[in-house]
Amino acid sequence: MENFFPIAPLYGETDTNSHIAEFQALVSCLRVLSIYHPNPEMIDVIIHSDSEVLTKQINLESRVRDYDRQNLRDEALEYSKCFHGLHSNMLFD
């Protein structure tokens, strides 16, 4: 089976920070959901996050300032096309 959760090994790398780890976790979850849900095109994915950075960047309300995070955001948005919708909300808004 493929490694769907590469978060732990990548988080230990020198150029990784908590924002990158949050995006890696999101991409991994979207990947698994898109593969294993029987009808992903029929569901709305709602992300509840305490990360203002992740929430605003997924909702395209804020620009991405670094290359690695931009690639991960773009990958998450690409997976979002598998679903009926993708929404991100702040937990403590």
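The values are calculated or read from the model by the stated rules, or taken from the named source; none is laboratory data. The model shown is predicted, which means the values in this text are computed figures rather than measured ones. Note that we place each Cβ from the backbone using ideal geometry, even for glycine, and neighbour counts take in every protein chain shown. Ligands, DNA and RNA are stripped out before the accessible areas are found, and what is left, the full protein with its side chains, is counted by its heavy atoms. Shrake-Rupley method; radii C 1.70, N 1.55, O 1.52, S 1.80 Å.
Per-structure values
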item	result
Gap separating the Cα centres of region 70-93 and region 38-67, nearest whole Å	3
Loop sites in region 36-93: chymotrypsin sites (Phe, Trp or Tyr not before Pro), DSSP, at most 13 other Cβ within 10 Å	Phe92
Segment Lys56-Leu33, length gained on full extension (0.36 nm per residue, minus Cα span)	6.1 nm
Segments 22-31, 49-58 sorted - mean Cβ within 10 Å per residue, highest first	22-31, 49-58
Virtual spin-label span in nm between Ala25 and His87, 7 Å along Cα→Cβ	2.2
Accessible surface of region 37-89 [probe 1.4 Å, protein heavy atoms]: carbon and sulfur percent	47
